[in-house]
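Notes follow the structure.
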Amino acid sequence: MFWHKARRDKRHGEEKHLKAKGKHLAGNFARKAFFIKPSEMFAKKVRRFSGKKGSSAVFLCMITVSMIAAAFAFSSAARDITEKSTDDCMFRLAGRSVLSEYLIPLKNDYGIFAFRGNEEEICEKMKFYLERSAGGKAAEKSILADTKEYRLTNPDAFEKEILAAARFSLAEDVLDAGGTLIRKKEKSGRKPRNDVRVNVAEEGEEPGGPGREISQTGRKIKNKVIIKGLPSAGITSGGPDISALVSQGLPSVEEIFKTQSDKFLVNKYIMQNFKNRKNIEIPTNTYFQNEAEYILYGKLSDDENASAFLSDFVIMRTALNLAHIYSDPKKVRELVAMAELMTPGPGAVATQAVLAGTWALAEAENDKMLILEDEKVALFKTRSNWALGLDGAVNGTAGTGISGAVKPQSRGGNDYCGYLEIFLFLEDRTAKLLRMMDLIQINMKLNYDGDFLLKEYNTGFRLSASAGGDIYVYDQRYEKL
């Protein structure tokens with residue numbers, strides 16, 4: 001019995017010990033759970049989780065979700081890029097569609113690409129073309145157009161078109177078997193349209209209204225509305241100041257006819273596309289015959305422009321001839337001898353100056369007759385290409401033949417058209433370009449549209465557009481097509 005009691009006491013003691021130990025362990029676990037770090041807790045959970053089944057499937061799900069999110073991000077970026085590219089293409093295409101509305105007669109007759117329209121009209125055209133490309137989405141796009149730099153009456157914009165046409169024309173030139181320069185435009189079958197009946201409005205009549213029919217030569221513009229609407233209205237330049245240019249020194253022939261310079265190309269364009277006294281074979285029906293002369297002087301009378309050129313030619317040749325006389329010792333001796341013979345003593349010096357001027361002027365008048373006969377006259381004379389003797393110049397008996405022109409021993413130099421190019425080289429750039437615009441406007445009124453105004457046409461435009469929060473800016477012009 002004692003033994004059973006001992007065993008019972010031992011068991012009760014063990015139970016108390018275990019309960020006490022359990023309370024101690026529970027307190028330690030609670031304290032550890034309260035003070036445990038989050039990172040340690042997460043690491044324990046991961047260790048517990050990693051050992052369980054299905055962890056690989058969960059890991060794959062996490063990767064799949066990440067890839068789907070990335071795909072959505074790339075899809076959104078691609079959509080934005082596609083929309084921007086689409087907007088860019090539509091704006092460019094619409095701009096080129098506007099440029100495609102260039103005036104065909106202007107291109108055919110003068111090689112100039114230009115379309116009609118102000119800023120508001122251009123925006124309307126852009127919206128029209130965008131609607132055909134984008135449908136209802138076109139209303140979401142904002143468009144602004146600026147033509148300030150591209151108006152055809154802007155000398156800079158006009159000159160760019162002229163230079164482009166001149167370079168294209170030079171590229172079209174070909175040489176025939178004999179080495180003669182032939183232009184493709186002349187070979188294309190276009191003929192001067194001389195069948196067009198020209199009416200010139202009298203003062204007070206409207207442009208294009210009834211008027212009197214006059215001959216090809218001697219034409220004069222009297223209509224005040226047409227005169228006021230000319231691009232050169234207000235320009236006072238009356239041609240190059242020949243006397244001042246001669247006194248300052250003329251440029252060399254090489255500089256004047258330097259083929260790569262802009263001046264040379266503009267002058268070549270003038271000689272190929274505008275008539276003059278010696279070239280009326282331009283395949284375009286024109287109001288004036290002396291168009292190149294008009295570009296120099298801007299007079300509203302055909303005859304006055306031709307006379308002004310010949311007068312300035314004589315002035316220039318007189319100055320250059322006088323310089324040659326004093327540079328040639330032989331001619332100086334002739335002057336001295338005749339002056340001493342006519343007025344011996346101190347008055348011989350003044351007489352010598354008068355004789356030199358008379359001789360130079362007589363030679364210049366002879367030069368004028370030579371170029372009117374399609375002969376050539378050297379810009380800077382030598383003994384071999386000097387035509388008149390002093391006796392003949394003073395006595396007025398220098399001329400021979402029907403025309404009275406004396407042919408020099410050497411006939412090299414420049415003809416009438418060559419001297420026109422020299423004068424054009426010396427002409428003010430702005431006045432030259434504006435008067436070219438005058439002639440184009442006059443002839444377009446004459447041949448195609450009585451209401452034609454060059455200021456309504458553009459060689460391009462600056463486009464500012466917005467779509468989807470993005471801004472697009474383009475310079476739409478023909479030279480980039």
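Contact map, the stretch 309-323: residues that are free of Cβ contacts under 8 Å to residues at least 40 places away in the same chain paired with residues that are surrounded by fewer than 17 Cβ atoms within 10 Å (Cβ to Cβ), Cβ distance under 8 Å, separation 6+ or inter-chain. Pairs shown: Leu322/Gly357. Kindly indicate whether Asp374 is at pLDDT below 95, assigned by TED's automatic domain parsing to the domain that holds Leu322, within 30 Å of Asn223 (Cα to Cα) and assigned to a loop (DSSP other than H, G, I, E, B). Spelling it out, it is not the case that Asp374 is at pLDDT below 95, assigned by TED's automatic domain parsing to the domain that holds Leu322, within 30 Å of Asn223 (Cα to Cα) and assigned to a loop (DSSP other than H, G, I, E, B).
Return yes when Gly418 is farther than 18 Å from Glu159 by Cα and not assigned by TED's automatic domain parsing to the domain that holds Gly95 and no when it is not. Yes. State yes or no: is Ile221 surrounded by 12 or more Cβ atoms within 10 Å (Cβ to Cβ), closer than 22 Å to Glu291 by Cβ and either among the charged types (D, E, K, R) or modelled with pLDDT of 70 or more (or both)? Yes: the conditions hold for Ile221. Out of all the residues in the stretch 430-449, is one or more in a loop (DSSP other than H, G, I, E, B), free of Cβ contacts under 8 Å to residues at least 60 places away in the same chain and either touching a Cys at 6+ places or on another chain (Cβ under 7 Å) or assigned by TED's automatic domain parsing to the domain that holds Leu355 (or both)? Yes, the stretch 430-449 contains at least one residue that is in a loop (DSSP other than H, G, I, E, B), free of Cβ contacts under 8 Å to residues at least 60 places away in the same chain and either touching a Cys at 6+ places or on another chain (Cβ under 7 Å) or assigned by TED's automatic domain parsing to the domain that holds Leu355 (or both). With respect to being at pLDDT 95 or above and in contact with a helix residue (DSSP H, G or I) (Cβ under 6 Å, 6 or more places away or on another chain), Ile295 fits the description.
Scanning the stretch 300-353 for residues that are aromatic (Phe, Trp, Tyr) and crowded, with 16+ Cβ neighbours inside 10 Å, we see that the one that is nearest to Gln441 (Cα to Cα) is Phe309.
Checking each residue of the stretch 368-385 against the condition of being surrounded by 14 or more Cβ atoms within 10 Å (Cβ to Cβ), free of Cβ contacts under 8 Å to residues at least 40 places away in the same chain and under 37 Å from the mean Cα position of the chain (by Cα) gives at least one match.
The values are calculated or read from the model by the stated rules, or taken from the named source; none is laboratory data. A quick note: this is a predicted structure, and the numbers were derived from the prediction, not measured. For neighbour counting, all protein chains shown are included, and Cβ atoms are generated from backbone atoms with ideal geometry for every residue, glycine included.
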